[in-house]
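We did not get these values from a lab; they are worked out from the coordinates using the rules stated. Everything numeric here is computed off the predicted structure, so don't read it as measured data. Don't worry about glycine lacking a Cβ; one is built from the backbone with ideal geometry, like all the others, and counts go over all protein chains shown.
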Amino acid sequence: MLAGSDPVRYPMEMFIDAIYAATGLRITSEEMELAGERIVNLEKAFNSLLGFRREHDSLCYRWQKEEVSEGTGKGWKAEDYIDKALDEYYGFHGWDEQTSLPKRQKLVELGLEDVAQVLEKNSALG
């Protein structure tokens, strides 16, 4: 990625203007955030149907086992904090921290009740 091309650094209005220019649709920043959250949860639901669970969320060997050689995190290894990071990540998204499966409450909140039903029928709901 080129320096300065991190999307987090750009204001939401820039993306909203781009969507308007490409589609003619005017959306609010709240609608844009909701769309993003729905996308993340649909991706998670799909992966859950495929059988992916918490134990599958890992890093490559090098990132997990090798210590950071310099900077603020010098001496850290990802394996020392990945479990806590996963707990926080799943909690942030409203997913089950033990299995990583999406929870019905979160899917309903996002208007994805039908997805929750499919996950439940396939034992993939948290």
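Be a star and scan region 103-126 for residues whose amide nitrogen sits under 20 Å from the point 7 Å along the Cα-to-Cβ vector of T28.
109-112
Kindly put H93, H56 in sequence by how many other C-beta atoms sit within 10 Å of each C-beta, fewest to most.
H56, H93
Please order L59, L119, L110 by the number of other Cβ within 10 Å, starting at the fewest.
Least crowded to most crowded, the residues run L59, L110, L119.
With n ≥ 4 as the cut-off for DSSP H runs, can you work out [θ] at 222 nm for the chain, using -39500 (n - 2.57) per run divided by the number of residues, rounded to the nearest 500?
-15500 deg cm²/dmol
So for M12, M32, fewest C-beta neighbours within 10 Å to most, what's the order?
Going from least to most buried by this count: M12, M32.
If I take every Cα pair under 8 Å that is 6 or more residues apart in region 8-121, average their sequence separation and divide by the length, what percent do I get for the relative contact order?
22 percent
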